[in-house]
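Please read the structure below before turning to the comments.
The values are calculated or read from the model by the stated rules, or taken from the named source; none is laboratory data. Since we're looking at a predicted model, the values are computed, not measured. Cβ placement follows ideal geometry from the backbone for every residue including glycine, while neighbour counts extend to all protein chains displayed. These accessible areas exclude ligands, DNA and RNA; they are computed on the full protein's heavy atoms, side chains included. Shrake-Rupley method; radii C 1.70, N 1.55, O 1.52, S 1.80 Å.
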Amino acid sequence: MKIGTIDFGERPLFLAPMEDVTDIGFRKMCKRFGAAMVYTEFVSADAVIRNIKSTLNKIVIDEEERPVGIQIYGKDVESMVEAAKIVEQVKPDVIDINFGCPVKKVANKGAGSGMLKNIPLLLEITHAVVKAVNTPVTVKTRLGWDDNNLIITDLAEQLQDCGIQALTIHGRTRAQMYTGEADWTLIGEVKKNPHIHIPIIGNGDVTGVADAQKRFDSYGVDAVMIGRATFGCPWLFSETDAPNAQQLTLDDKIDILEEMLRINVEKIDEYRGILHTRRHLAASPIFKGVPDFKQTRIAMLRAKKMDEVIGILEICRERLRTL
C-alpha cells in the first residue's frame, strides 16, 4: 500500500489524528510500537494563517515519527490553500484534509463534517489544495451527514478526481457523532468500486490489532486507522497473537508512559506537556486494577509538575506489583 512514494507494506495500521490526544510524545511511542503512519492533532487553517503559537506547536514533528501527516480543517478555499502552503514548509509526509470532525464548534461553522452539507465547496477546496502543494494530499471524512444522505460511494470518486492520494472513511455519519456502531459496509463498497484506484483506509470502532485484521479480511481495505482504543496505550499496535510478538510487562508500560511525559515536557513545555500526557494516564487501561484508583486519577489530573506525575506513576507501579 502506497501514498505517493511512501510504501507502507501490507496491511498497515495508522494512528488516527485526534485533538488533545495525538501529541508528539504519544505519536513517537505509537510509531515505536508499530504504527505505520501517525498524524498530528488537526489544526485550524485560520489559526495557522494567523500564526497562533499554540496551533503551530501542534505541528512540530520529529524525524523519528516519520512518516507523519498533518491534518488541517477550514471552511473556505483561500484559507485552506494558504494554510496548506504554510504546513508544507514543516515538511510533513502527507497533508490530510479533515472533512469528518463532528463536534459542533467545527461542523456548525461549515468545517469538518459540516462540509458534507456543501459538496461543491468540499470538492473545490480539495482540488485547490492538491494543486497548491507538492506534498501528497489525502482526505478523512464520514459516510455522509445523516442516514438519509449516505453519499460516500459517489463522494469517493469525486475526491479521487480532485487528485487526492488516499481516502480515510470513518464508518459513521455526522449525525451519529461517536454513538452507535461504525458501519464498515459502505467502506467495503467504496473499496470494491472498480473505478477507485487510490488506497482506502477504514476507521471506526477498531479495538486492536486482531480486530484490525478482521476488517482487512472482511472489507479489503488498504489500511486500518485506530483512534480511541489507543488512549493511554501506545503499545496497542504491538499487541498481536504472533508467536514472536513482544510481550510488555506492566513495568514496561509504566516506563513507556513516563517516557511519553518526558518527551512532551521537553518538546512542548512542562505545563502543556503534562496537560497532554495526563489525559493518557487517566485513560490508560493498565491502571484498572489499582485499588481506589479514582483518587489516584484525580491526583494525576491535578498534578502540575513532572516530578509530581512521575511520583504518582511510581506509586501505581508499586501497587500493581502487589496485585
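Please report, for the Cα atoms of the stretch 1-147, the Rg to one decimal and the Dmax as a whole number; what are they, in angstrom?
14.6, 42
Provide, in order from the shortest bin, the percent of all Cα-Cα pairs of the stretch 87-129 in each 5 Å bin, continuing until the bin that contains the maximum pair distance.
6, 23, 24, 20, 16, 10, 1
Mind checking the full-extension length gain between E19 and N193? Use 0.36 nm per residue of separation minus the Cα-Cα distance, one decimal, nm.
Stretched fully, the E19-N193 segment lengthens by 59.5 nm.
Got a number for carbon plus sulfur as a percent of the chain's accessible area, 1.4 Å probe?
Of all accessible area on the chain, carbon and sulfur atoms account for 48 percent.
Mind pulling the per residue volume of the convex hull built on the Cα atoms of the chain? Å³ is fine.
132 Å³
What dipole magnitude, in Debye to the nearest 20, does the chain give about its Cα centre under +1 on Lys/Arg Cβ and -1 on Asp/Glu Cβ?
With Lys and Arg at +1 and Asp and Glu at -1, about 760 debye.
What fraction of the DSSP beta bridges in the chain is antiparallel, stated in percent and rounded to the nearest 5?
Of all bridge pairs located within the chain, approximately 10 percent are antiparallel.
If a paramagnetic tag sat 7 Å from the Cα of L121 along the Cα-Cβ line, which residues of the stretch 72-88 would have the backbone N under 13 Å from that point?
74-80
Tell me, what is the FRET efficiency for Q247 and E78 to the nearest 0.05, using R0 = 51 angstrom and their Cβ-Cβ distance as r?
0.50
Which entries in K2/K214; K85/K140; K58/K305; K53/K294 show an alpha-carbon gap greater than 26 Å?
Over 26 Å apart, Cα to Cα: K53/K294.
Please state the equivalent ellipsoid semi-axes for the stretch 190-236: what are the square roots of 5 times the Cα gyration tensor eigenvalues, largest first, in whole Å?
Gyration-tensor ellipsoid for the stretch 190-236: 23, 10, 7 Å.
Would you mind working out the magnitude of the charge dipole of the stretch 187-323 relative to its Cα centre, with +1 at each Lys and Arg C-beta and -1 at each Asp and Glu C-beta, to the nearest 20 Debye?
500 debye
Just the number please: accessible area per residue for the chain, 1.4 Å probe, all protein chains included, in Å².
44 Å²
I want to check the label-to-label distance for V133 and A210. Put each point 7 Å from Cα in the C-beta direction and report it in nm to one decimal.
Simple spin-label model gives 3.8 nm for this pair.
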